[in-house]
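Here is the structure we will look at.
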Amino acid sequence: MGDGDAVNTSGRERADTAGYAPHPYIGGRTAVLRALAAWRMRWPGAPRVVVLTGSPGSGRSRLITGFLMLCDPEYRERLPLDDLDPATVPPDLPPPAVPSPVGRTAAQVLWTLADHFGLPAVGADDIFTGLGARTEPVTIVVPDVDTAGPVRAAHEPARLVRDVLVPLAATGTVQLLADVPRELAAELAGSLPAGQAQLIDLNDPEWADPEGLVRHAETALTPSTGAAAPPYTADPAARRALAETMARRAGGSRLTVQLAVRSLLAHPAGFDPADASQLPGSVGEALDLHAIRLGADPRTLRLMLAPLAFAEGEGLPVELWGALADAVAGRDMSRDLAEGMLLTAPFVQPVETVGADEAADGPVGAAGSGADVAAGEGRTVLRLTHPGLAEEIRAGLPDARDAQTRIAMALLAAVPGQDWSRADPYLRDHLAAHTLDAGLLPQLLTDPGLFTHADPVALRAAVEAVPFDALGAPARTYLRTAPLLTRIRASAGMRAALLETAFVEDGLTPYAEVLHGLGLDLPWRTLWSVPLTGVAGVTVGALAGQGGDGTEAVGAAESSAGVSAARPVAALLVPEGTPGSRPAGSGGGPALLVHDLLRPEYVDADPARVLTHSDEARAAGPLGLSRGSDYLRVWSRESGEVVAALISDTPFTGADLSPDGVLVVATERGVTARQITAAGAPATPAAGPTVPVQSARVPDAGASHGLEGDPS
């Protein structure tokens, strides 16, 4: 949200009659800087909370940046502090905490603060409590609140104000400065008792800086060394006169001045500095006057820029610009775009993006899919020079929602064969945001491929913005899984694996099967899931046969015929009274519930007949199991490499792995069985244990806590 180039402070440019130099980056705003310096040094009578606001393009972001320069020891060394008004220079204190909200959710901003201050928090309330318990005040500056959130239509700035800034402002040990959009500023300032908050609106006469705006325009009009320039920019007196006219016409809007200067410098011909009517009085007029001066239709210019006004994230890939312009205009815009580069140049900014490599499946290190689109390569995208310009273009369309609908449909049509693995990263990550703004997102949320390949942070933000009752079953499954997906830096393969289990848990097996058809080589196939609560441990084994008198036929089980005939099962340690369970021993206490290992069905059998695998049998198997409080790793005994990893949003209460590679896991939510399919796992599960077994009544020390439960 920049507002032009840095202001040159050489020569006669002085902030006021006292002879002080203006701030070299801001070029003015002395009254506001004095108020912020008093806030920073906790001057008697200064408010504890300052809320900075103004219209889009008023220069809030630039002002905050320049003030933070005065608060940072490293930057202070580069600034001419002795030449500045002393009342605008805060004392040399440790720099404040500055959590950037750009593209982040309110929760991410809050946890950034928790990390900065080293707070041992579990939930949001713990963070506010931890800050309130500090003996010394903490200073926090939150700039650019209007840029919060990965999805524009999800209204994250409002959530950031209500869920983070209002509680921070209410915390007595917090000294807060926040740059907030005008529609939210009064809400934040009004949340505190009188005298604790100060609202600074840069558009109010009290804080206006007409001389600073003239200086801003004059500096922007100064030609670079050696560049050919028209007389009205090359001559200092003419440049000053033009800057004064520009500033007066712009009515205090830095953005309007910035666009007017960019238009003039991009195409100096046809401009008469003596004709003030050629200078804009608003952002919209800056667009229209530029088009008219170049002999173009202003509406055509706005249609060309409309796709960029709706762009999400860092910007729109240039390859998509033409198709989206056609969609918005309802006609072929290729010729307009080909011939209109000079027309759009003052309003478009190319941005070099930096790709983020797919992670190796987060902190647990599972095997990746190998099929992810390479995300480590940067590329050039296009965006408008200022969010205020995008707001003006969207507001000027006859039907913004219809335009967004056309854009969303064009983006969906651009997915090759509806194969999200082959789609442009912009399509994968941001189509949901466009369809949300168009009111069409629920119809999109039925595709497991999209759930797998889309950026989980952006997709989660979009889905959470839809009323829950409007979501279908697949979307609800995604929504409850999304916190785990956003918690870990997982590859598409790991996201698909976690979603596959979630679909089985929710009875949506056909959606789980779709995930196995995406070519991602998932590390497991979920065999079954039961929503049991209170499971304290699991053990895998086999159900021994019975003799003619109904007694346990242990001898038969130890023979090869008995082994092949044994039925593989999982014994679940459950609370007494659980339907279908039987006492685990005499005298009451926990009970045992037997479930088929490979099929989704309970087994009505005496738990005494369940035979568990011996330590020798487990050691002879190709896979081993390691466990933490919220993660599991399955590793190959031959290579020592992790072949599958599982992380949970609820603590594990039991886990066991059969020699055939069936992993049974219990959490607070229930029990699931997964057949490990990754490299190094057995090809198919056998009908029963293929190694000697022992009675389940004798605890198996190697069964990852087994029937004993989790001692941790």
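The values are calculated or read from the model by the stated rules, or taken from the named source; none is laboratory data. Not measured: the values here are computed from a predicted model. Glycine also receives a Cβ, built like all others from the backbone with ideal geometry; neighbour counts cover every protein chain displayed. Surface areas here come from the heavy atoms of the whole protein model, side chains and all, with no ligands, DNA or RNA. Shrake-Rupley method; radii C 1.70, N 1.55, O 1.52, S 1.80 Å.
Remarks
- Criterion violated by residue 598 - all others in (1) assigned to a helix (DSSP H, G or I); (2) at pLDDT 90 or above satisfied: (1)
- In the range 65-86, the residue that is most open to solvent (accessible area, probe 1.4 Å) out of those that are within 12 Å of residue 23 (Cβ to Cβ) and within 29 Å of the chain's Cα centre (by Cα) is 65.
- Options 171, 112: the member that is without any contact (Cβ under 8 Å) to a residue 60 or more places away in the chain, open to solvent by 40 Å² or more (accessible area, probe 1.4 Å) and polar (S, T, N, Q): 112
- Each residue in the range 509-532 was checked for being assigned to a loop (DSSP other than H, G, I, E, B), over 22 Å from residue 597 (Cβ atoms) and in contact (Cβ under 8 Å) with a residue 24 or more places away in the chain, and 4 of them qualify.
- Residues within the range 456-511 that are open to solvent by 10 Å² or more (accessible area, probe 1.4 Å), among the acidic types (Asp, Glu) and within 25 Å of residue 666 (Cα to Cα), tallied: 2
- Test: residue 640 is over 25 Å from residue 487 (Cβ atoms), buried (at least 21 other Cβ atoms within 10 Å of the Cβ), free of Cβ contacts under 8 Å to residues at least 60 places away in the same chain and not hydroxyl-bearing (Ser, Thr, Tyr): no
- Test: residue in the range 42-54 that is in a helix (DSSP H, G or I) and on the phi < 0 side of the Ramachandran plot: no
- Answer residue from the range 129-165, given it is among the β-branched types (Val, Ile, Thr) and open to solvent by 40 Å² or more (accessible area, probe 1.4 Å) and is farthest from residue 55 (Cα to Cα) among those: 135
- Per-region count, the range 382-411, residues under 20 Å from residue 466 (Cβ atoms) and touching a residue at least 24 places away in the same chain (Cβ under 8 Å): 7
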